[in-house]
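Read through the structure below, which is laid out as structure tokens, and then see the notes.
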Amino acid sequence: MNFTPWFPGTEKPVRRGVYMRQFTTGKALMERYCYWSGSNWFMSDTTPDKAMSWVQSGPAARQQLPWRGLLK
């Protein structure tokens, strides 16, 4: 998969959809997929399809993490 450059968490995507986000857990850096609704990020998962399944669970607690888009 190809991606856009990273954007700061304070800047939000223009379009709804699944994006890659960066998380830190302790000293480890993780990259996972999250759905952006146009106003909120939702829980993350390991694939774009799995990320879409979290929309029903409500917005994620961490809304200001770095993100990048998926290119076709």
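The values are calculated or read from the model by the stated rules, or taken from the named source; none is laboratory data. Just so we're clear, the structure is a prediction, and the values are computed from it rather than from any experiment. Please note: Cβ atoms are built from the backbone with ideal geometry, for glycine as well, and neighbour counts cover all protein chains shown. Surface accessibility is based on the protein's heavy atoms, side chains included, excluding ligands, DNA and RNA. Shrake-Rupley method; radii C 1.70, N 1.55, O 1.52, S 1.80 Å.
A few points about this structure:
- Calculated from backbone phi, Karplus (6.51, -1.76, 1.60) coupling profile of the range 42-48 in Hz, x at Gly/Pro: 10, 3, 9, 7, 7, 9, x
- For the chain, size of Cβ-based charge dipole, Lys and Arg +1, Asp and Glu -1, in debye: 80
- With distances taken between every two different alpha-carbon atoms, the range 23-65 has a Kirkwood hydrodynamic radius of 10.7 Å.
- Solvent-accessible area, 1.4 Å probe, carbon plus sulfur percent, for the chain: 55
- For the chain, the relative contact order is 42 percent, taking Cα pairs closer than 8 Å that sit 6 or more residues apart in sequence and dividing their mean separation by the residue count.
- Cα coordinate range in the chain, projected on the principal axes (Å, largest first): 30, 29, 23
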